[in-house]
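Asker: Below is a structure I'd like to ask you about.
The values are calculated or read from the model by the stated rules, or taken from the named source; none is laboratory data. What you see is a predicted model, and the numbers here were worked out from it, not measured in a lab. Every residue, glycine among them, receives a Cβ derived from its backbone with ideal geometry; neighbour counts consider all protein chains shown.
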Ligand SMILES: Cc1cc2nc3c(=O)[nH]c(=O)nc-3n(C[C@H](O)[C@H](O)[C@H](O)COP(=O)(O)OP(=O)(O)OC[C@H]3O[C@@H](n4cnc5c(N)ncnc54)[C@H](O)[C@@H]3O)c2cc1C
């Protein structure tokens, strides 16, 4: 296995451009080192990026918060800027792994590893986060919702990487915010279900709603059909038979070593009910 350690961002893109096929970036290493140890990655080149400080940090730029891909969960959980503008995002990530993992794991790595269970993706999806995708000669910005194309399939070319996450400072303003990570225990647990929601209601009528689920499909995603159905509905007279029928088209819970599909389904319905009725 070949490892590269670029000396700068331009050097990184030179290396990336020279490698034609599949390659990996080593950011915090908390996913990739496990995969290397288990021989799931054997021959593909691995490029260290963890030392490239241009890719780290949390910044306020006009009406947006920009978070570099190498920013750790710890940095985000301790950030005054995030606490001020995006407190819901900060609280949602409290249950990420353990303090040690929080210090090492990067936000970009959590998104790019492509796990259906990634803690960061559901809250970022309801906040309408965007990704800044970088390559040697080009920068493009895409909604996070357009990043995933299937299980570990991404809207990312061979010479690109996630540079930063972009969130509007107003993304949480005026919303009732909801987040639950359901696991087997409180600490160091992988989500059996992750549900994120933002809701605006006036006089008991839902005016705007955003819902995203993790661990219930091959990648975390927005529940668009359910959102469309719910807008304009009265909270006091929601029809949960209709809601379950639509939800069935949006999620595909499976049975695996962490849980079974019946449990995942029923808990998701219960969580939705809790969020919608409050
Ligand atoms: C004990 C343990 C507990 C864990 N608990 C949780 C948990 O509670 N919740 C959770 O969500 N996850 C958990 N994880 C998984 C992991 O810690 C996270 O997914 C973490 O955020 C990955 O980030 P990293 O920087 O370590 O990624 P790395 O391991 O460095 O990289 C992961 C993948 O992302 C790619 N990548 C990295 N950065 C970029 C980039 N900027 N652009 C494009 N591709 C990139 C790499 O090529 C690689 O494929 C746990 C892992 C372990 C080992």
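Asker: Could you pull out every one of the strands (runs of 3 or more DSSP E) wholly within segment 1-72 that has 1 or more residues that are without any contact (Cβ under 8 Å) to a residue 40 or more places away in the chain? Explain how you work it out, then say what you get.
Answerer: Working: elements: 24-26, 46-48, 58-61, 64-68.
Hits in segment 1-72: 24-26, 58-61.
Asker: Please pick out the residue among 183, 204 that is out of contact with any strand residue (DSSP E or B) (no Cβ under 6 Å at 6 or more places or on another chain) and surrounded by fewer than 22 Cβ atoms within 10 Å (Cβ to Cβ). First the steps, then the outcome.
Answerer: Numbers: 204 fails: out of contact with any strand residue (DSSP E or B) (no Cβ under 6 Å at 6 or more places or on another chain).
Answer to the check: 183.
Asker: Within segment 176-185, does at least one residue satisfy the condition of being free of Cβ contacts under 8 Å to residues at least 40 places away in the same chain and within 12 Å of the ligand (Cβ to nearest atom)? Can you show your working first?
Answerer: Of segment 176-185, the ones free of Cβ contacts under 8 Å to residues at least 40 places away in the same chain are 185.
When the remaining residues are screened for being within 12 Å of the ligand (Cβ to nearest atom), the result is 185.
Scanning segment 176-185, I find at least one residue that is free of Cβ contacts under 8 Å to residues at least 40 places away in the same chain and within 12 Å of the ligand (Cβ to nearest atom), so the answer is yes.
Asker: Among the residues of segment 73-94, what is the count of those that are buried (at least 18 other Cβ atoms within 10 Å of the Cβ) and touching a residue at least 60 places away in the same chain (Cβ under 8 Å)?
Answerer: 5
Asker: Please work out which residue is nearest to the ligand (Cβ to nearest atom), limiting yourself to segment 76-92 and to residues that are more than 15 Å from the chain's Cα centre (by Cα), part of a helix (DSSP H, G or I) and within 18 Å of residue 170 (Cα to Cα).
Answerer: In this case the residue turns out to be 82.
Asker: Just checking, does segment 215-227 include any residue being buried (at least 23 other Cβ atoms within 10 Å of the Cβ) and at pLDDT below 95?
Answerer: Checked against the condition, which is being buried (at least 23 other Cβ atoms within 10 Å of the Cβ) and at pLDDT below 95, segment 215-227 yields at least one hit.
Asker: Which condition does residue 138 not pass, out of (1) out of contact with any strand residue (DSSP E or B) (no Cβ under 9 Å at 6 or more places or on another chain); (2) farther than 30 Å from residue 18 by Cβ; (3) away from the ligand (no atom under 11 Å from the Cβ), if it passes all the others?
Answerer: Result: residue 138 fails condition (2) only.
Asker: Considering only residues that are surrounded by 11 or more Cβ atoms within 10 Å (Cβ to Cβ) and not in a helix (DSSP H, G or I), which ones fall in segment 240-278?
Answerer: Listed by number, the residues that qualify are 251, 252, 253, 254, 255, 256, 258, 259, 260.
Asker: Out of 61, 16, 34, I need the residue that is within 12 Å of the ligand (Cβ to nearest atom) and under 20 Å from residue 141 (Cα atoms). Which one?
Answerer: Values: 61 fails: within 12 Å of the ligand (Cβ to nearest atom); 34 fails: under 20 Å from residue 141 (Cα atoms).
So the residue among 61, 16, 34 that is within 12 Å of the ligand (Cβ to nearest atom) and under 20 Å from residue 141 (Cα atoms) is 16.
Asker: Another question, if that's okay. Any chance segment 93-103 includes a residue that's closer than 16 Å to residue 167 by Cβ and near the ligand (Cβ under 8 Å from one of its atoms)? Lay out the reasoning, then the answer.
Answerer: In the first step, residues of segment 93-103 are kept if they are closer than 16 Å to residue 167 by Cβ; the result is 93.
Now restrict to residues that are near the ligand (Cβ under 8 Å from one of its atoms): none.
Among the residues of segment 93-103, not one is closer than 16 Å to residue 167 by Cβ and near the ligand (Cβ under 8 Å from one of its atoms), which makes the answer no.
Asker: Can you name the residue in segment 15-35 that is more than 23 Å from the chain's Cα centre (by Cα) and closer than 28 Å to residue 75 by Cβ and is also surrounded by the fewest Cβ atoms within 10 Å (Cβ to Cβ) among such residues? Let's see the steps before the verdict.
Answerer: Our first condition is that a residue be more than 23 Å from the chain's Cα centre (by Cα); within segment 15-35, this holds for 15-21.
Remaining after also requiring closer than 28 Å to residue 75 by Cβ: 15-16.
On the way: 15: 16, 16: 23.
Restricting to residues being more than 23 Å from the chain's Cα centre (by Cα) and closer than 28 Å to residue 75 by Cβ, the top hit is 15.
Asker: Just to check your reading of the model, which residue among 42, 23 is in the same structural domain as residue 113 (by TED's automatic domain parsing), touching a helix residue (DSSP H, G or I) at 6+ places or on another chain (Cβ under 9 Å) and within 9 Å of the ligand (Cβ to nearest atom)? It would help to see each step written out before you state the result.
Answerer: Values: 42 fails: within 9 Å of the ligand (Cβ to nearest atom).
From the options 42, 23, the qualifying one is 23.
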